[in-house]
Structure formats: C-alpha cells, structure tokens
Amino acid sequence: MGFPLPDIFNHFQLETLLLGMLIIFIAAVIKGSTGFGFGMVAAPAMMIIDPILVPGPLLVLAMLTSFLIALREWRNVDVKGLFVAFSGRVPGTVLAVLTVSAIPLTLYGIIFGVLIFTSVLLSMTRWRFTSSNRNLFIAGLSSGFMGTITSIGAPPIALVYQHKTASVIRSTLAVFFLLGTIFSIIMLFIFDRFSMDHIYISTLFIPPLLLGFKLSNVIISRLNAKIVRFTILAMCGLSSLALIFRSIMELQL
C-alpha cells in the first residue's frame, strides 16, 4: 500500500505548479549568487499565482536557501552585527504577525503589494548607511516586519551592509535570514497562520530550489552585479504593481 498524499497536493493545476517551480529556480540562482533577492523575485509572482504560497511556503524555501549559503560561507559572518540586527528582527516579526492577524484578507494583497514596492524603492536609494548598532537594529526591525508579511526582508538589512565585501554580505545575510525565517514561522504558527499544509506545499518546490542553488555555485563569479540588481528590481516592481492593481479590482467586484 502506497503512502497517501496530503489533499493539499491536489490544490494546484500542473501549469501553475510548473510556473512556480520556474520562479523558485530563478530565485534560487540569484539568492545563491548574491546572498539576497530570493523573496524579491519569488514573492510577488507567487502571490499572483496563488496566495496560499505566501508567506508560509515561501518562508520555508527562503529558510532552506539561507541555510545552504550559511553552510557554504559561514566563516565570513559578521557575528556582532548579526546579533544586533536580529535583536531588532524579533519585535519586527511580532508586530508583523499582529498586523496580519488584524487586517482583513481582502486588503492583504494591497498591503502586500505596497510593502514590496516599498522594498524596491529602498533598494534603489543612494543613501549611505554605516553599520552602526542603531542602524543595524532599525534595519533588523524593518526586515522582520516586511519579511514576515511578504517574505521579502532583504532591502533594509542590505542597505546597511551594502558597502561590505560580497562574502560578508552573503554570509551574514544568510545567517540573519535563516534565524529570522525560523522565528517568523514559529510566530505565524502560534497565531494560526502557518500549518503542515504549508510545509507540504514547500516540498514541491525543493527540487528546483536545489538545482538553482547548484547552478549558482557555477556562475557566482560570472554574473554582472549591476545587471542582476536591475533585473531583480524591475521584476519585483512590475509584479508588485500588477498585484496592487489586481487586488483593487477584486475589491470593487
């Protein structure tokens, strides 16, 4: 007798599943190469495909990519900065979970899209931040709030670390997001916003994620950073605007 599959696996049509796998593959390549960008590429597109994919399953997948990068580059972690930033991530996550629990589902898509578009604007800014304890705490707080709601928590913390070496950025952000996503998942579970169904869903996308990360090991030194950054921001910005427009239209129906 075969092991029965959870009913949630019947939720997706084949074309939806394949499109989602392609998105996760691309996001994993970018994340593995740059240390961030997984949520910015995947979250708005996955939200448009099916809202059930965000934030729960995407947080699980983001946690896995962060673990793989941390395992590869843990020697370069900025331990002191990581501690300060994560101390801000904790209250930011709690605030995000309370917000998700309070807002009606009909408004979630609009708030989700606005926060993602805000992350694009933050990523485009030319502001220069030092990695002071105050800035790290504020960045961690903002990252916890945005990351828990949208699965995109990189822009605030990346702004503070933007002038560090690539290896420090990748490794420190990886450990920060590994710890942060675990805490976000725990808080979402406590507030009944995360279940085993979300874990089951995430397993469908692990193969393309691992394939994308494997490819990133090959092309990590060959990518043009400016082109990758522009592509991520363009994809994320257009997707967030499309999501806002669709959500507003649904409210009017």
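The values are calculated or read from the model by the stated rules, or taken from the named source; none is laboratory data. All of these numbers come straight from a predicted model, not from anything done at the bench. For neighbour counting, all protein chains shown are included, and Cβ atoms are generated from backbone atoms with ideal geometry for every residue, glycine included.
For (1) more than 11 Å from the chain's Cα centre (by Cα); (2) in a helix (DSSP H, G or I); (3) among the β-branched types (Val, Ile, Thr), each residue gets a yes or a no:
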| site | (1), (2), (3) |
| --- | --- |
| PHE36 | no, no, no |
| PRO44 | no, yes, no |
| ILE52 | yes, yes, yes |
| PRO57 | no, yes, no |
| MET63 | no, yes, no |
Take PHE176 and decide whether it is without any contact (Cβ under 8 Å) to a residue 12 or more places away in the chain and either buried (at least 19 other Cβ atoms within 10 Å of the Cβ) or in contact with a Ser or Thr (Cβ under 9 Å, 6 or more places away or on another chain) (or both). no
Taking the criterion of being at pLDDT below 85, farther than 25 Å from GLU250 by Cα, surrounded by fewer than 23 Cβ atoms within 10 Å (Cβ to Cβ) and not hydrophobic (A, V, I, L, M, F, W, C), would at least one residue in the range 78-91 satisfy it? no
Go through (1) over 19 Å from MET146 (Cα atoms); (2) under 14 Å from the mean Cα position of the chain (by Cα); (3) not acidic (Asp, Glu) and name the single condition GLY81 misses. (2)
Would you pick out the residues in the range 24-62 that are at pLDDT below 95 and surrounded by fewer than 23 Cβ atoms within 10 Å (Cβ to Cβ)? ILE26, ILE48, ILE49, ASP50, PRO51, ILE52, GLY56
Hits in the range 95-122 - residues which are β-branched (Val, Ile, Thr) and closer than 20 Å to LEU173 by Cα: ILE116, THR118, VAL120
Among the residues of the range 134-158, which ones are polar (S, T, N, Q), over 17 Å from LEU233 (Cβ atoms) and crowded, with 24+ Cβ neighbours inside 10 Å? SER143, THR148
